[in-house]
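Student: My questions all concern the structure below.
The values are calculated or read from the model by the stated rules, or taken from the named source; none is laboratory data. Computed from a predicted structure; not experimentally measured. When we count neighbours, we look across all protein chains shown, and the Cβ atoms used for this are built from the backbone with ideal geometry, even at glycine.
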Amino acid sequence: MDSPRKVIWAVDPFEEFSPLQRMAADALIRMQRRIRGLVIEPLYVLSPAQLNLSMEFSTPWVAQYRPAAEKAMEGLCRRLGFTFNSETLRPKVIIQNFSSTSQAVATLADYAVKTGAELIVAGSHGRTGVKRLLLGSFAETLLLSSRIPVMIVGPVMRRSYDLGKIVFATDFGGSSDQAFRNVVHFAAELRASLRLFHAIPSPIEPVFQSGVYLLGGAWMPVHAYFAHETERHRKHAEQWAKWACAQGVQTESHIETTPGSIADKVIAYARAENAGMIAMDAHSGPIASSLLGSITRQVVRHADCPVWVIRSQEKARARGRSDRRARREAA
């Protein structure tokens, strides 16, 4: 994927006006100022779920809400400072008759792919626990199923941030190399510098109690394990940073060795660097992103700057095929 040229902005015009909408709009405007020719298309998926209508009675009526949705979308965009032209398109309202958040997300993601969009921007209220489970999370469902990168604007964003600096948090896993290349290309387009961040995972508690760690079939002291891992990843990060600099992107690396939550350390580092964005592979960290509590999802919920999530193309395509089969069966 090259740097984004068209961005889909997923927005709900019927939601009560909030700072989150303002923050999402601000992130888009800042991005548009830095990337020449970037096109933004506001999009709303109008469905029974969004209107709190039951499936049995809503299908013939949903389309009647389109004019109101279009008018509300245009009013919201103007209120947030957008003017409609060749770079900010008039809002698009898509009718979708399935009464579920996952179906609405699939409709949005399919539209983004078909129209050549290279990034989707959405807001997340950061709901947790039972409330999030009952209400569903449009942003997090999109995060897990979209075949193209998603940028999430969370509810705790700070008012001032600099898009001239991006933190790329990585575990150096299998899909991280391609994700890093994507981020470097995007950073070049934004004329931004890059901070490469990796946290050494702490060994499990029994290891600390025994003071040894199994590495390559042999036990070694914990301090030696940390030294080994730190040096290995430092060299890896330096190689990546050297390549990024050759692409014209000023890049520095940081290897974090202090114990604690990796998600918290990513957010703290981005805040300390006054970064305007955190970029992550969706499958970063020791827990798959499909599981509640993954590092990526925790960063998305609690970061105070936009989070750009990049999914492995292979896994995204597989998920896309699965979603299409599910929709055919539902029909």
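Student: State all residues of the stretch 72-88 that are farther than 21 Å from Phe17 by Cα and in contact (Cβ under 8 Å) with a residue 40 or more places away in the chain; if no residue qualifies, say none. Can you show your working first?
Tutor: Filtering the stretch 72-88 for residues farther than 21 Å from Phe17 by Cα gives 85-87.
Scanning the stretch 72-88 gives Ser86, Glu87.
Student: Here is a follow-up. Identify, by number, the condition in (1) in contact with a helix residue (DSSP H, G or I) (Cβ under 8 Å, 6 or more places away or on another chain); (2) surrounded by fewer than 19 Cβ atoms within 10 Å (Cβ to Cβ); (3) modelled with pLDDT of 90 or more; (4) not small (Gly, Ala, Ser) that Val93 doesn't meet.
Tutor: Val93 satisfies every listed condition except (2).
Student: Going by the structure shown, is Leu28 surrounded by 21 or more Cβ atoms within 10 Å (Cβ to Cβ), within 28 Å of Asp162 (Cα to Cα), out of contact with any helix residue (DSSP H, G or I) (no Cβ under 9 Å at 6 or more places or on another chain) and modelled with pLDDT of 90 or more? If you could, list the steps in order and put the result at the bottom.
Tutor: Details: surrounded by 21 or more Cβ atoms within 10 Å (Cβ to Cβ): yes; within 28 Å of Asp162 (Cα to Cα): yes; out of contact with any helix residue (DSSP H, G or I) (no Cβ under 9 Å at 6 or more places or on another chain): yes; modelled with pLDDT of 90 or more: yes.
Answer is yes for this residue.
Student: Just wondering, is there one or more residues in the stretch 106-115 that are at pLDDT 80 or above and in a loop (DSSP other than H, G, I, E, B)? Full working, then the answer.
Tutor: Taking the stretch 106-115 as the starting set, the residues that turn out to be at pLDDT 80 or above are 106-115.
Checking which are in a loop (DSSP other than H, G, I, E, B) leaves us with 115.
For the stretch 106-115, residues at pLDDT 80 or above and in a loop (DSSP other than H, G, I, E, B): present.
Student: Also: How do the helices (runs of 4 or more DSSP H) wholly within the stretch 191-280 filter down when requiring 1 or more residues that are assigned by TED's automatic domain parsing to the domain that holds Ser176 and at pLDDT 95 or above: which remain?
Tutor: Working: elements: 205-210, 222-246, 262-272.
Answer list for the stretch 191-280: 222-246, 262-272.
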